[in-house]
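One structure below.
What follows is calculated from the coordinates using simple rules that are stated; it is not laboratory data. The model shown is predicted, which means the values in this text are computed figures rather than measured ones. Here Cβ is always computed from backbone atoms with ideal geometry, including for glycine, and neighbour counts include all displayed protein chains.
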Amino acid sequence: MIPVGFTLQPDPEFLERCERIIRRANYWEVAPETLWRRRGDGRLEPNGFHRGFLRMARRGHFFVAHGVGLSLGTVDAGDARRRRTWLTRVRADHETFGFRWYTDHLGASSVDGMAMTLPLPLPMTVEASRAVRRRLAQMQRVVGDVGVENNVAYFVVGDPLDEPRFLMDCVRARGCHLLLDLHNVYTMATNFGFDPADYLRRLDLAKVIEIHVSGGGESSPAWLPSGRVLRLDSHDGAVPELVWRMLEAVAPRCPNLRGVTLERMEGTVGDGDELALAGEFERLRAIVQRTRWAPARRSGLRAERALVPA
Amino acid sequence: MKLAEYERRVAAAMRARDPVAAMRAIYPNVDADGVRMTALIVARLRFERLLRGSPEAEASFDRDPAAFADSFARYHAEVPPRAFFPADEAALYDAWRDRTATPPPIRSRIVAPRRARRR
């Protein structure tokens, strides 16, 4: 069976509330930089969660790393030192956790020495894909298998449906993979008004090693002068039905899939949410359990049509 | 435009008084709502980083959310987000607050008469 995973957030309340899911997961995903703090000399050190996470590890569990701070698209030479420090710390974490693979988001989260935290969209150019490939090659010197997640962006430079081509160009090297985040596709499709099937059809699903499933919410009409409401990839709500259907349709077409992860943000699991989240995890497990590889030739159009909202 | 220049200008746009105008100077057709939402999320993520790193800031936010939000908005506009970790963000915020703190009103600095102090 394809392993099913869950995010470990460095937050005691989250870990307590999600204990049942954490025990049921086959693997755990951590964002390495959320487990660090900076020392006075600039080096990075564990912030106290390493020992706890390792104590939780049982026989059969494994860890994967999913960062947001390496900043795959940044070309600013001034970022090189920070990046070296970052990768040195990831290497130390890898020795501790034995990450099976290490992924980060498409975009630039550190720009001009500033922490944007949200990966900003890149222009989908040859120069940008070359920059991402260089960064992936650096990551590979730390963890052999690396990948890029299709990011969620609220604006794009160009056509959002051109992103799959750009992504595939970024991960074309051996050992470089795609982390397919279905809620990101859903969010982009909702906000930009395209059919998620059109996006998925453009991807080479043989490159996918992990799928992310999560939920989100909507912005308040008061946030924007236009009053427009946007879908947010906030990982704080239920997984939309369409995302479940996307998973059912896409997973069988990813022949190199190594894991499907349910993501949830810390601070968003309140009283009474535990059961609903546990239910989502069991639903995810059930879908993955009944996933059978579909030959690409047969799985094409019918599966894609299943994604179109009724 | 070279990628480095694009990235520098987009990062600046995210903290600009008018992010849409700053972005449209680079890409005239960029979606205004998407740019504004991105700038809001960048600010919000910094806000959360600060609250994680500073119990004092968190307490201040709990006491008076509107006043703290105003203070944070000024901080975000004036201080580039060079901190990647919560404790560093808290240190940046404290330094900014110390620099910009309004001196207490003159009256409060008047030394109380001796008799009053004895009471």
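Each label was represented as a point 7 Å from its Cα along the Cα-to-Cβ direction; for residue A:276 and residue A:54 these points are 3.7 nm apart.
Over region B:19-88, calculate the relative contact order: mean separation of alpha carbon pairs under 8 Å at least 6 apart, over the residue count, as a percent.
In percent, rounded to a whole number, it is 31.
Among A:248, A:210, A:163, A:218, the order by Cβ neighbours within 10 angstrom, fewest to most, reads A:218, A:248, A:163, A:210. In whole Å, what is the distance between the alpha-carbon centres of region A:220-270 and region A:116-157? Value for the Cα centre distance between the two parts: 20 Å. From least to most packed, judged by other beta carbons within 10 angstrom and beginning with the fewest, A:239, A:152 follow the order A:239, A:152. For residue A:63, the residues whose amide H sits under 5 Å from its own are A:28, A:100, ignoring neighbours fewer than 5 places away on the same chain, with H placed 1.01 Å from N.
Arranged from fewest to most other beta-carbon atoms within 10 Å of their beta carbon, A:4, A:185 become A:4, A:185. Taken residue by residue and averaged, Cβ atoms of other chains lying within 10 Å of the Cβ of B:23-32 number 3.
Region B:12-55 and region A:46-64 have Cα centres lying 35 Å from one another. Note on region A:167-279: the C-alpha convex hull projects to 8.6 nm² when averaged across all orientations. Label-to-label distance for residue A:238 and residue A:202 is 3.1 nm, based on points extended 7 Å past Cα in the beta-carbon direction. Only the Cβ atoms of Lys and Arg (+1) and of Asp and Glu (-1) were treated as charged; on that basis the dipole of region B:3-118 about its Cα centre amounts to roughly 960 debye. Using only side-chain charges placed at the Cβ, +1 for Lys and Arg and -1 for Asp and Glu, the dipole size of the protein assembly as shown relative to its Cα centre rounds to 1200 debye. Across peptide A:105-117, the average count of Cβ atoms from other chains found within 10 Å of a residue's Cβ is 6. With the simple model of a label 7 Å out from the Cα in the direction of the Cβ, residue B:59 to residue A:168 spans 5.7 nm.
Under the criterion of Cα pairs below 8 Å and six or more residues apart, the relative contact order for chain A equals 17 percent.
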